[in-house]
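Okay, structure first, notes after.
The values are calculated or read from the model by the stated rules, or taken from the named source; none is laboratory data. Not measured: the values here are computed from a predicted model. All Cβ positions, glycine included, derive from the backbone under ideal geometry; neighbour counts span all protein chains shown. Only protein heavy atoms, including side chains, enter the accessible area calculation; ligands, DNA and RNA are left aside. Shrake-Rupley method; radii C 1.70, N 1.55, O 1.52, S 1.80 Å.
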Amino acid sequence: MTMERRIKLKTLNSHITCKICRGYFIDATTVTECLHTFCKSCLVKHLEENNTCPTCNIVIHQSHPLQYISFDRTMQDIVYKLVPDLQDNEIKRERDFYRARGLPCPKDAALAADKPGAGDEPEQPDNTDCHRKDEQVNVCLECISTSLRTLKRSFIRCSAQATITHLKKFVAKKVLNGMEKYREIDILCNDELLGKDHTLKFVYVTRWRFRDPPLRLQYRPKIDL
């Protein structure tokens, strides 16, 4: 039999509050180097003048620290579930902020897009923001085989959560005239073969750290070992 135990919210505050503003996390954002979390606006403002973590002072990146932070959806969901009315109050404050300036609230547009049936109409108003809200990565895809065509546009920008399989399908569609042929493509970074489930964020942090963007990857026909 499972026993339930009530705990006071204040006992969790040290785990769900930002060390910069001392408030509950809003748009919780985590430093990938040390896994310390802050409000997004607090961390971005801090990194405008610094390249170190506000908690442990580890150097995030010498010149591009913003490339090594990531929205922590799980943490933000936990905070909103634990703190009564925090999410509703924050949305109201954000709406008031944009309304006072005569601008549409970005979160209202995102919520409308997530509603069932929102994608049924193909046409979008001219003022709709159709850009993704998640972290983006700049990638340069270079061909290292004479048996494959070079991409007409080697520079692309896509979600940091995209995987190497997504890139393989993209390349296959462009140079093999069929997305289903993606298994015939290998993707490499620094001459190292990348796993199909690696995200671009993982590749950037583990293979391209301390280097300037874009993330440079190579493609070639698959080599059977």
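Restricting the range 9-61 to residues that are in a helix (DSSP H, G or I) and open to solvent by less than 20 Å² (accessible area, probe 1.4 Å) leaves a set whose member that is nearest to ARG209 (Cα to Cα) is LEU47.
Of everything in the range 62-100 that is among the acidic types (Asp, Glu) and without any contact (Cβ under 8 Å) to a residue 60 or more places away in the chain, the residue that is surrounded by the most Cβ atoms within 10 Å (Cβ to Cβ) is ASP72. Any residue in the range 72-95 that is farther than 27 Å from THR199 by Cβ, modelled with pLDDT of 90 or more, in a loop (DSSP other than H, G, I, E, B) and among the polar types (S, T, N, Q)? Looking through the range 72-95, none of the residues is farther than 27 Å from THR199 by Cβ, modelled with pLDDT of 90 or more, in a loop (DSSP other than H, G, I, E, B) and among the polar types (S, T, N, Q).
Do you know which residues across the range 169-213 are touching a residue at least 40 places away in the same chain (Cβ under 8 Å) and open to solvent by 30 Å² or more (accessible area, probe 1.4 Å)? Result: ARG209, PHE210, ASP212, PRO213.
Look at the range 35-53: where a residue is free of Cβ contacts under 8 Å to residues at least 24 places away in the same chain and a partner is of a type in the set (Asp, Glu), sitting 6+ places away or on another chain with Cβ atoms under 9 Å, you get CYS39/ASP27; SER41/ASP27; CYS53/GLU33.
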